[in-house]
Amino acid sequence: GMSTSPRASSQVLAPRGHMLHSSRLLEALAAGAVPVVVSDGWVLPFEHDGLVDWPSVALRLPERDAPFVASVLRNVSDERWCAMRAAGRRAYAMTLSKPVDALLDVLDARAARRRRRVARGEGGD
């Protein structure tokens with residue numbers, strides 16, 4: 001039957017897409033769901049720039065664990081699902097819903113770091 005648990009329909013499987021950012025990933029966050037990312041080596045949006053704390057927002061599994069997704073999901077507590085959904089909504093509102101603004105912030109931060117290095121006489125990249 002239909003589950004009344006808070007985890008019901010709160011996860012969206014987001015397999016690695018062919019695009020830089022799978023649209024399923026952003027759709028999941030926009031809907032307040034937890035993306036379940038089954039992928040090896042997929043760099044998530046803004047992961048390296050620290051704008052999104054992906055471990056608090058999405059559940060990541062290596063591709064070899066794909067057959068075990070259901071049991072992994074069953075072992076996540078309702079409290080953790082709720083915390084991840086809240087973190088995902090914040091990340092979407094602050095960064096992922098406006099990727100151009102976020103990208104400009106990243107570029108500004110990188111330029112400022114470069115200017116500081118140059119000012120200290122360490123040269124460019």
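The values are calculated or read from the model by the stated rules, or taken from the named source; none is laboratory data. Just so you know, these numbers come straight off a predicted model, no measurement behind them. To get the accessible areas, we keep the full protein, side chains included, count just its heavy atoms, and leave off ligands, DNA and RNA. Shrake-Rupley method; radii C 1.70, N 1.55, O 1.52, S 1.80 Å.
Figures for the structure shown
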| read-out | value |
| --- | --- |
| Full-stretch length increase - residue 56, residue 110 - with 0.36 nm per residue and alpha-carbon distance subtracted | 17.0 nm |
| Residue 90 - accessible surface, heavy atoms, 1.4 Å probe, Å² rounded to 10 | 130 |
| Residue-by-residue Karplus 3J(HN,Hα) for the stretch 108-120, coefficients 6.51, -1.76, 1.60, Hz, glycine and proline x | 4, 5, 5, 5, 5, 4, 5, 4, 5, 5, 5, 4, 7 |
| Carbon/sulfur fraction of accessible area - the stretch 68-125, other protein chains in place, 1.4 Å, % | 57 |
| Gyration tensor verdict on the stretch 40-111 (Cα atoms; rounded if a/c is under 1.5, prolate if a/b is larger than b/c, oblate otherwise) | oblate |
| Sequence-distant residues sharing a close amide H with residue 34 (under 5 Å, placed H) | 11, 12 |
| Surface accessible to a 1.4 Å probe, per residue, for the residues of the stretch 32-107, Å² | 54 |
